[in-house]
Amino acid sequence: MKRLKYLINVTASIIVMAIAMPVLFPLTGDQFFTSDYRLPYNLGEDYFLYQKYAGSVAGYNTIPVIGDSVIWGHYTSGTDTLTAHLNRRQDIADFSNMGIDGIHPAVMYGLAENYCRALTNKKIIIGINLLWMSSPRHDLTGGKNSEINHRGLLPQFTEIIPAYNPSFEERLSFVIKRNTSFFLWIDHLRLTKFRGKNLYRWCMDNPGENTLQFFNPDTRIYELPEPMDASKFPLQDAQWVKTEKSLQWRYTLKTLKLLKEQGNDILAIITPFNRYMLTEESANQLGLIVNGIRDNLASEGITAVIPEIPPKEEFADSSHPTGKGYRTIAENLLENSEFKKFIKH
Amino acid sequence: MLFQTWTFLLFFTILYFLFRSIKNSTGRQYLILAASFIFYGWFNPLYPLFLLWIIAADYIFLLLMEKTGKRRLFLILSITNSLIFLSSFKYAGFITSNINELLVITGNPYRLPQPDILLPIGISFFIFISMGYVIDFYFGKVDREKNFGRHALFVSFFPQLSAGPIARASGLLPQLQHWDRGKGSDLAEGAYIFIRGLFKKIALADFFALYADKIFGNPAQFGSADLVLGALAFTWQIYFDFSGYTDMARGIARCFGIELMENFRLPYMAASTGDFWGRWHISLSSWFRDYLYIPLGGNRKGKLTESRNTMITMLLSGLWHGAAWNFVLWGFIHGALHVMGKLIGRFRIIKITPVFIRRIVVFILIVFTWIFFRAESGADAFSYIAGIFNSGYAAPSMPLLMFIIMTLCYLYGWFKEYGLLNFMEKPAVKSIASIIMLAWILIFASSDASDFIYFQF
């Protein structure tokens, strides 16, 4: 009987701990969801924080803009992103930067499915970056790729992705983790408080340091990467994956439909691709893909806005604008009738 | 399938509920038998074939021993089959490379091709389990299990399959023959033992491994303090790795109502090397004692024969651990220490030495022997030891937290040995300890599942 009591005690304590801890200590970092907030770079895999942010955005009268590093603003500070530039116009709606660096469409679907449930009956903008269709490798339809970001958000058991071939254990642990708030909270704790490392690894890397320093908040600041020199852009012949064969496009569409099913009103922005880096033939192919996507979305009842391509100097690489580029895109969007119609209060 | 993985948790959960739902004892046995083969095949789909070979061969040999009366003949055939099987997989590479080295020394240009053979996980364990059973039957200590399924289950019972404990037929078979569904209290006790093992592996062994791997990876780079601490880190790593595995295995078996034998009893509190082997990997050391040392004559034929028997037993024990000379050397050193310990044990000065001093001295000796176990070769081990005495002092790079944990582990051993921690057996204390251990694992330890050291044996 006493032993049974042990089992009950431990099980009950674990369940209470698993439920109570994320509720009692929802955010252990010093994050504040200000108007120009974006998920800190080093917390890019902190899905617990992202879920909290989504919940917070759901409660505000703002339009979330979901996307990858182009929406997040890889080459810019938080005050120079697309949403930040849109927010400078006080007379229009507020926008929330819900981009995550390195997130591609197949992963974005996992993000929306698992952590954007709070976003219902809202206007939502999705950034579509065609970089993910620029080669079979980017599209995840090429050979095995061990450098996939946010792999835990990929479909684990429902679809075979050619580039993704983890062990059963890895797949299972991802599924368990993303469905268990407690494990997400543990990750959040590690990322915000312990620099994303486990205590042991940190101790090994800092043998001379006082162990208590491990518990200090992470104060690292995101160092902006150096943009490419526009005068030296190499010309590329991108191996575009056709829309009908593209895994990334299929998942983009799935994400849009999912958010729509949640009662949201969706607008897609096909973020400008750096055509100055493409050969003529490749640029023509891109044009066909963009038109195809627009028609495809229209048939699904989703409006796609295609901003004008900013000048060459306003690109930092093949798909990311510089801060100035974002301003140009924002100005362009604010003149776009469909965009204006969508964001109208 | 490693115990500390989600895959195993899923496997266990499904299996446990199926096990509890089957009312028929035979049905439960076949369920666990099938599960054992799935568990083993998860590492490599070919592994169950090797296991099946040993199971089937020994079942037939046992049958023939009983039916024909030619017990000695079939005992020899069974042992020969097991040893050839073990040698083919485990020692073929070792034997070939040694023959090739001899050919080099003798100036012979011919070289044997180096075999590239798959070494099934836990091969030494299940072969010893089966071999021990055949020998026990030969000596009339146990009856033959007539049911092939139950015989197969005894050899392949999944908790002990990868790294023991090396079960005895007299202990495990009767439990399998009268297997009930297990009680809630079994699940509780099993869960506690499992959590303790999980903590030992993930929170302790894997932490010490980080430092031990760093130091043993390039010992020439470090000063004497680091070398000493590196040896100490490995001393604790191997203990927690192996005893953690054993605890998990025993915990899982206990959940199903089966009690596997104890494998460790505070080995670093041993007061002599003989005492150490009575506390470390008990299932293996008692196996060698019962099936090798005693049949060789044990201590019954004078001091010289006893010393010879000890040396043979320890050398083979070393070789059992791995097909490399450093393991043989490790066994030799243990044998030599044991023989010397017996010789000097008769002196009055040793007899009057307080036991706590003997415990400390034995602990230091054991730490040194682990250097031979961990090093890549005997030469590496000797240069490591030379480094301890010859390298200059430099501030060690062991993290303070690791040093504190290591000291606490040692103190825990002392307190436990002298019965000062008996209160920890109370259910309330176990509950609190379990919660703390799980929380520590979840928050501070690594989430990567690493292999167990003893899997390679």
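Quick note: the coordinates plus some simple rules give every number you see, no bench work behind them. Values in this document were obtained by computation on a predicted structure and should not be read as measured data. Cβ coordinates were reconstructed from backbone atoms using ideal geometry, including for glycine residues, and neighbour counts include every protein chain displayed.
For a footprinting-style exposure proxy, rank B:W440, B:W42, A:W72 by other Cβ within 10 Å, fewest first.
Result, fewest neighbours first: B:W440, B:W42, A:W72.
Order of A:17-24, B:12-19 by packing, highest average Cβ count within 10 Å first?
Per-residue mean Cβ counts within 10 Å order the peptides as B:12-19, A:17-24.
Which whole-Hz ³J(HN,Hα) couplings does segment B:254-271 yield from phi under the Karplus relation 6.51 cos²θ - 1.76 cosθ + 1.60, θ = phi - 60°, glycine and proline marked x?
5, 4, 8, x, 10, 9, 8, 5, 6, 10, 9, 9, 6, x, 7, 9, 5, 9
Grab the beta carbon distance between A:S167 and B:W53, set R0 = 35 Å, and tell me the FRET efficiency rounded to 0.05.
0.80
For labels at A:K242 and A:S337 in the simple 7 Å Cα→Cβ model, what's the distance in nm?
Computed distance between label sites A:K242 and A:S337 equals 3.5 nm.
At 222 nm, what value in deg cm²/dmol follows for chain B if DSSP H runs of at least 4 each add -39500 (n - 2.57) and the sum is divided by all its residues, to the nearest 500?
It comes out at -22000 deg cm²/dmol, rounded to the nearest 500.
If r is the Cβ-Cβ distance from B:L421 to A:F157 and R0 is 45 Å, what FRET efficiency results, to the nearest 0.05?
It comes to 0.50.
Please give me, ordered by residue number, the GluC sites (Glu not before Pro) of segment A:222-327 that lie in loop per DSSP and have at most 15 other Cβ atoms within 10 Å.
Loop-located and lightly packed - A:E223, A:E300, A:E308.
For segment B:74-158, what's the relative contact order in percent, using C-alpha pairs closer than 8 Å and at least 6 residues apart?
32
Step through the table entries A:K177/A:K254; B:K200/B:K416; B:K183/B:K426; B:K70/B:K301; A:K52/A:K144, compare each Cα-Cα distance with 24 Å, and write down the pairs that go over it.
B:K70/B:K301; A:K52/A:K144
Output needed: percent of Cα pairs per 20 Å distance bin for chain B, bins running from 0 to the one holding the longest distance.
P(r) for chain B, in whole percents per bin: 22, 56, 21, 1.
Let me check I've understood the local charge: for B:N299, count other residues with C-beta under 10 angstrom from its C-beta, Lys and Arg +1, Asp and Glu -1. What total comes out?
+3
Between segment B:232-254 and segment B:352-430, how far is it from one alpha carbon centroid to the other, in angstrom?
About 16 Å separates the Cα centre of segment B:232-254 from the one of segment B:352-430.
Set Lys and Arg Cβ to +1 and Asp and Glu Cβ to -1, take the dipole of segment B:38-129 about its Cα centre, and tell me which of B:I84, B:N100, B:L64 lies farthest positive.
Checked the options; the winner is B:L64.
Taking only DSSP H segments of four or more residues, each worth -39500 (n - 2.57), what value at 222 nm results for chain A once the sum is divided by all its residues, to the nearest 500 deg cm²/dmol?
-13000 deg cm²/dmol
Only sites in a loop by DSSP and with at most 13 other Cβ atoms within 10 Å count here; which GluC sites (Glu not before Pro) in segment A:76-172 make the cut?
Those satisfying the criteria are A:E147, A:E159.
Stretch A:N114-A:D295 to full length: gain in nm at 0.36 nm per residue minus the Cα-Cα span?
Working it through step by step, the gained length comes to 62.3 nm.
Take peptide A:203-209, look around each residue's Cβ out to 10 angstrom, count Cβ atoms belonging to other protein chains, and average those counts.
Going residue by residue through A:203-209 and averaging, the value is 6.
Work out the FRET efficiency for B:L296 and B:H178 from their Cβ-Cβ distance, taking R0 = 41 Å, and round it to the nearest 0.05.
0.70
Run the simple label-point estimate for A:K344 and B:V355 please: 7 Å along Cα→C-beta, distance reported in nm.
With each label point 7 Å from Cα toward Cβ, the separation is 9.1 nm.
Springs between alpha-carbon pairs under 10 angstrom, Gaussian network model over chain A: which of A:K232, A:K312, A:K260 fluctuates most?
Result for chain A, Cα springs under 10 Å: A:K232 fluctuates most.
Quick one: grab the alpha carbon gyration tensor of segment B:1-88, order the square roots of its eigenvalues as a ≥ b ≥ c, and give me rounded if a/c is under 1.5, else prolate or oblate depending on whether a/b is larger than b/c.
Since a/c reaches 1.5 but b/c is at least a/b, the shape of segment B:1-88 is classed as oblate.
Using a ≥ b ≥ c from the Cα gyration tensor of segment B:19-181 (square roots of the eigenvalues), is it rounded, prolate or oblate, where a/c under 1.5 gives rounded and otherwise the larger of a/b and b/c decides, a/b for prolate?
Because a/c hits 1.5 or more and a/b fails to exceed b/c, segment B:19-181 counts as oblate.
Counting Lys and Arg as +1 and Asp and Glu as -1, each charge on the Cβ, what is the dipole of the protein assembly as shown about the Cα centre in debye, to the nearest 20?
Charge dipole of the protein assembly as shown: 3860 debye, to the nearest 20.
For a test of the definition: using alpha carbon positions, the gyration tensor, and the 1.5 limit on a/c, classify segment B:186-456 as rounded, prolate or oblate.
oblate
For B:R265 paired with B:S87, estimate the spin-label separation in nm (one decimal), with each label point 7 Å from Cα along the Cα-to-Cβ line.
3.6
Once you mark the trypsin sites (Lys or Arg not before Pro) that are in a DSSP loop and have at most 14 other Cβ atoms within 10 Å, what is the longest gap between them in chain B?
Value returned for the longest uninterrupted segment is B:184-299.
Hand me the chymotrypsin sites (Phe, Trp or Tyr not before Pro) from segment A:33-67 located in a DSSP loop with no more than 15 other Cβ atoms within 10 Å, in residue order please.
Qualifying residues, ordered by number: A:Y60.
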